[in-house]
Amino acid sequence: MNAMYKNIINTICLGQHLTFTEIQKPKRDKDLVYARQLCMYFGKEFEVGSLEFIGEPFGKNYSTVIHSCKVIDNYVYTDRLKREVIEKYRDYLNGYKTIMALDKHLEDEINSLTERLSVAEQRLINLFLIIDKAEKTIKELIN
């Protein structure tokens, strides 16, 4: 499971006052089904993987993921309270996605700077070796 999908599931679990273990169980209680549907809906929306990948943590297949997305889409259009909850989750998850992108960008920048620093260090070492050799040559010429 990738970091984004883990965050989606953790966010939904926290928001719905459930544990990951609880929503993985095959129980069909309304609150568990709704939480699983939200996870799968946002998994698809944020393109965390294939439909099979999205359903896998819950033991669900691709058709269940599609059905879950349709159910949540229906809530968005027909249930004002659920729409508000879904929008809040979306806002939070978009923020997390932005932070992940910035983190990746910073990691890439650090790697680039580290490589450049390594090259600069090697050039500096070579320069010191040249200076040391030149100093020895000058001393030999003087003596």
Check on Arg36, surrounded by 12 or more Cβ atoms within 10 Å (Cβ to Cβ) and under 24 Å from Met100 (Cα atoms): yes
Some residue of segment 92-107 being over 13 Å from Ile8 (Cα atoms), at pLDDT 95 or above, of a type in the set (Gly, Ala, Ser) and loosely packed, with under 13 Cβ neighbours inside 10 Å: no
Answer from Asn74, Asn61 - the residue that is in contact with a Gly (Cβ under 9 Å, 6 or more places away or on another chain) and modelled with pLDDT of 95 or more: Asn61
Options Phe58, Phe53; residue that is hydrophobic (A, V, I, L, M, F, W, C), touching a Pro at 6+ places or on another chain (Cβ under 9 Å) and surrounded by 10 or more Cβ atoms within 10 Å (Cβ to Cβ): Phe58
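The values are calculated or read from the model by the stated rules, or taken from the named source; none is laboratory data. Just so you know, these numbers come straight off a predicted model, no measurement behind them. Every residue, glycine as well, gets a Cβ built from its backbone with ideal geometry; the counts of neighbours run over all protein chains shown.
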